[in-house]
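Shown next, in structure tokens, is the structure this report addresses.
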Amino acid sequence: MNGPQILLEPDVAQAIAVTLHELATNAAKYGALSVADGRLELRWSHETDGQLQLRWTEIGGPPVQEPTRRGFGRRIIEQLIAQLKGKTQFDWRAEGLVCEISLRA
């Protein structure tokens with residue numbers, strides 16, 4: 001984990017907490033945390049314009065393929081972040097999922 005200390009409003013903190021929970025659950029079931037050598041990186045920054053940039057990167061897990069449908073967890077993440085006028089991007093790379101979130105915090 002790498003990023004500055006940030007004080008978040010309760011609604012933003014709740015959305016980030018649920019998002020990280022969903023990502024961690026899926027990583028433990030299917031991704032980098034489902035194998036002994038897997039790991040993840042969590043990085044964030046708080047830009048001068050007030051934007052919070054969060055990047056979740058899975059490394060060393062089983063080969064990844066983009067799902068053919070939107071799962072429940074992904075829909076929850078996208079809806080929570082969208083309610084805060086943020087953006088979510090999922091990138092299913094062969095070496096692991098990368099999820100990038102941007103929102104005003």
>> Helix-only estimate, please: 222 nm mean residue ellipticity of the chain, summing -39500 (n - 2.57) across DSSP H runs of length 4 or more and dividing by its residues, to the nearest 500.
In response: -10000 deg cm²/dmol
> Given springs between every Cα pair under 10 Å in a Gaussian network model of the chain, which of Leu42, Leu23, Leu80 has the largest fluctuation?
Replying inline: Leu42
> Mind ordering 10-17, 98-105, 57-64, 45-52 by average Cβ neighbours within 10 Å, highest first?
Replying inline: 98-105, 57-64, 10-17, 45-52
>> In the stretch 47-105, if the dipole is taken from +1 on Lys/Arg beta carbons and -1 on Asp/Glu beta carbons about the Cα centre, which of Leu103, Gly60, Gly71 is farthest to the positive end?
In response: Gly71
> How large is the charge dipole for the chain, taken about the Cα centre, if only the Cβ atoms of Lys, Arg (+1) and Asp, Glu (-1) carry charge, to the nearest 20 debye?
Replying inline: 280
>> Please report the carbon-and-sulfur percent of the accessible area for the chain; probe 1.4 Å, protein heavy atoms only, DNA, RNA and ligands left out.
In response: 51
> Taking H as built 1.01 Å from N, whose amide H comes closer than 5 Å to the amide H of Arg93, not counting residues under 5 places away?
Replying inline: Val98
>> How high is the relative contact order of the chain? Use alpha-carbon pairs under 8 Å, at least six apart in sequence, and give a whole percent.
In response: 29
>> Between Gln5 and Tyr30, what is 0.36 nm times their sequence separation minus the Cα-Cα distance? Round to one decimal in nm.
In response: 6.0 nm
> Rounded to the nearest whole Å², what accessible area per residue is found for the chain with the 1.4 Å probe?
Replying inline: 65
> Stokes-Einstein D for the chain at 37 °C, 0.692 mPa s, Kirkwood Rh over Cα pairs, in µm²/s?
Replying inline: 233
> Local charge sum around Leu103 (other residues, Cβ-Cβ under 10 Å, Lys/Arg +1, Asp/Glu -1)?
Replying inline: +3
>> How charged is the neighbourhood of Ala27? Take every other residue with its Cβ under 12 Å from the Cβ of Ala27, and add Lys/Arg as +1 and Asp/Glu as -1.
In response: -1
>> With the crude spin-label approximation of a point 7 Å out along Cα→Cβ, what separation in nm comes out for Ala17 versus Gln51?
In response: 2.7
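The values are calculated or read from the model by the stated rules, or taken from the named source; none is laboratory data. Small disclaimer: the values here were computed from a predicted structure and weren't measured. Note that we place each Cβ from the backbone using ideal geometry, even for glycine, and neighbour counts take in every protein chain shown. With ligands, DNA and RNA removed, areas are computed over all heavy atoms of the protein, side chains included. Shrake-Rupley method; radii C 1.70, N 1.55, O 1.52, S 1.80 Å.
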